[in-house]
Amino acid sequence: MQIALFDTTLRDGTQSEGLSLSVEDKLKITRVLDGFGIHFVEGGYPGSNPKDVEFFRRARELRLRQAKLTAFGSTRRAGVAAASDPNLGALVEAHTPAVCIFGKSWLLHVTTVLGTTAEENLAMVGDSVAFLKAAGREVVYDAEHFFDGFRADRDYALATLKAAAAAGADWIALCDTNGGCLPSFVAEVVAIVKQTVPTRLGIHTHNDSDLAVANALAAVEAGCTMVQGTINGWGERCGNANLISIIPALQLKMDRRCVPDENLARLTELSRTVSEIANIRPRAHAPYVGASAFAHKGGAHVAAVEKLTTTYEHVPPERVGNQRKFVVSELSGRGNVRLRAIELGADARGLEKEVLARIKELESKGYQFEAAEGSFELLVRRTKPGHAAPFEMLDVVVISERRRGNEMFVEATVKLRVGDEVVHTVPRARARCTRSTAPSTRRSSRTTRSCARCSSVTSRCASWIPRRPPAPRPGCSSSPAWGLIAGAPSASPRTSSRRAARRSPMPSSSPWCAPG
């Protein structure tokens with residue numbers, strides 16, 4: 001059975017607090033959704049703001065391969081003819097092949113919010129649908145608050161659907177607008193509606209009870225053939241049904257076709273691409289597509305997955321474009337060490353027990369290896385027989401100062417032994433430079449290195465890059481041992497305590513906190 005996917009990220013999704021899309025953003029996302037295989041893309045509400053009017057004007061130039069661009073609006077106003085209603089006129093002027101309008105199903109909203117009568121509301125629904133059908137549009141009627149309205153007055157809620165169906169609506173979407181329903185109730189109501197109206201049914205759920213996805217799937221099982229939702233579940237309050245979770249559930253678990261199989265393998269790419277355009281950080285623990293969705297940390301889990309992946313994975317990560325990963329920590333077993341080392345190109349076979357014991361010892365002292373893969377790799381390599389350290393770090397000093405109103409600068413001195421040679425350097429950086437970009441991973445054939453992030457020289461070892469020592473300032477010379485400025489006063493007890501703190505184990509919150 002084919003399920004139509006109706007994406008409302010560009011309209012309902014932008015009602016999420018903290019999310020705002022420009023016209024360019026919306027055009028980019030429209031192309032991405034079309035390329036993935038979404039059937040309907042609801043672009044916005046042309047009757048509400050100039051940005052959406054501009055979007056629909058520019059969207060006419062898009063050459064969409066599959067998606068039907070859809071404009072969103074409401075039924076006509078009470079006491080106003082459909083042909084004279086500015087909102088319906090804006091929908092027609094959007095020149096989209098499909099339109100979606102919402103109407104009231106709950107008498108509470110009809111009398112309290114709209115301030116009209118039950119009979120007038122039924123006429124508003126029918127007139128609006130008929131007007132848009134006469135304009136040649138495919139009409140999706142969203143029955144707002146339908147499930148709450150059904151609970152309050154079943155006969156009236158069903159009467160609103162009959163009015164939309166009689167006027168020629170192509171789809172009727174049942175909305176759990178407040179997001180408070182349970183899957184069993186949703187399924188029960190959908191089954192009743194399916195016996196009442198002949199129109200194809202859709203489902204539109206919100207996530208206020210953390211059940212939007214479950215309710216949407218229950219509605220499909222009960223007979224809905226359209227699912228409305230947003231990418232990554234964005235939406236007002238707690239969000240909408242997450243299409244990123246719904247699509248693989250329908251296709252891989254319920255045998256409902258949504259998109260071609262080869263497109264399903266781009267699901268993770270879809271989620272992250274839209275997140276990037278919207279400037280929202282992807283959720284690491286998101287089902288199916290999160291960076292941690294197939295991460296295995298417990299030793300018993302990894303031991304089982306190493307033998308058979310289905311023991312702790314509900315679907316193969318490759319089916320949705322994701323990948324499994326193994327995490328190393330104090331909860332690990334030998335399998336974690338072995339498999340993670342292989343991923344990093346550092347074979348640990350035969351050394352698992354020794355490496356694991358060292359990891360557990362260090363993590364008991366506050367270190368953390370989960371995000372410190374460089375430190376883990378070095379630990380594995382140093383555990384191998386015959387390992388010879390390329391250099392020995394003898395001393396590190398970091399000084400920051402601001403004198404006589406000048407800009408603050410940071411000075412770091414590193415003293416190393418390379419074979420029989422002792423070398424040191426005194427790099428210096430202005431304070432404004434201490435927030436550098438991503439740490440450099442360049443390597444040097446020499447061992448004299450300084451830190452691009454001078455303010456964090458002792459904690460972020462991955463950011464060290466080769467650099468020549470600067471020329472001494474006029475009238476000053478460098479100490480052979482530390483590179484300190486000649487004639488500088490000796491460190492105060494307070495300064496000494498700060499230096500001692502720098503040499504203490506780093507807090508586990510630092511991503512590079514584990515020792516090399």
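All of the numbers you see were taken from the coordinates with simple rules; none came from a lab. As the structure is a prediction and not an experimental result, all values here were calculated from the model. Virtual Cβ from ideal backbone geometry, glycine too; neighbours counted across all protein chains shown.
Laid out as a table, the results:
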{"item": "Added length on full extension, which subtracts the Cα-Cα distance from 0.36 nm per residue, SER209 to ARG281", "result": "23.6 nm"}
{"item": "Radius ratio Rg over Rh of the range 4-259, counting only Cα atoms, Kirkwood formula for Rh", "result": "0.94"}
{"item": "Gain on full stretching of the segment that runs from THR111 to ALA371 - 0.36 nm per residue minus C-alpha separation", "result": "87.9 nm"}
{"item": "Per-residue ³J(HN,Hα) for the range 47-62, Karplus 6.51 cos²θ - 1.76 cosθ + 1.60, θ = phi - 60°, Hz, x for Gly and Pro", "result": "x, 10, 7, x, 4, 6, 4, 5, 4, 5, 5, 6, 5, 5, 7, 5"}
{"item": "Listed residue pairs exceeding 23 Å between alpha carbons, taken from LYS297/LYS360; LYS325/LYS360; LYS162/LYS194; LYS68/LYS104; LYS104/LYS253", "result": "LYS68/LYS104; LYS104/LYS253"}
{"item": "Protection proxy ranking of 35-45, 147-157, 331-341 - average other beta-carbon atoms within 10 Å, highest first", "result": "35-45, 331-341, 147-157"}
{"item": "Simple label model, 7 Å out from Cα along Cβ direction - ALA295 to CYS238, nm", "result": "2.5"}
{"item": "Phi to ³J(HN,Hα) by Karplus 6.51 cos²θ - 1.76 cosθ + 1.60 over the range 182-198, Hz, x for Gly, Pro", "result": "9, x, 4, 5, 4, 4, 4, 5, 4, 4, 5, 5, 4, 7, 9, 10, x"}
{"item": "The range 18-161, Cα convex hull volume normalised per residue, Å³", "result": "128"}
{"item": "Separation of alpha-carbon centers, the range 141-160 and the range 196-212, rounded to whole Å", "result": "12"}
{"item": "Label-point gap, in nm, between SER184 and SER20 - each point 7 angstrom along Cα→Cβ", "result": "4.5"}
{"item": "Förster radius 45 Å - calculated FRET efficiency between THR311 and GLN195, Cβ distance, rounded to 0.05", "result": "0.55"}
{"item": "Percentage relative contact order, the range 141-253, counting C-alpha pairs under 8 Å, at least six apart", "result": "22"}
{"item": "Segment GLU421-ARG31, length gained on full extension (0.36 nm per residue, minus Cα span)", "result": "134.4 nm"}
{"item": "Table column - 3J(HN,Hα) (Hz), the range 8-14, Karplus curve with 6.51, -1.76, 1.60, x for Gly and Pro", "result": "10, 4, 6, 10, 5, x, 6"}
{"item": "Candidate aspartates and glutamates - alpha carbon under 15 Å from LYS26, same-chain residues fewer than 8 apart omitted", "result": "ASP7, ASP12, ASP34, GLU42, ASP52, GLU54, GLU61, GLU276"}
{"item": "Residues with amide H under 5 Å from that of SER16, placed H, sequence gap 5 or more", "result": "GLY235, GLU236"}
{"item": "Kirkwood-type radius of the range 295-383, with distances r between different C-alpha atoms, in Å", "result": "13.3"}
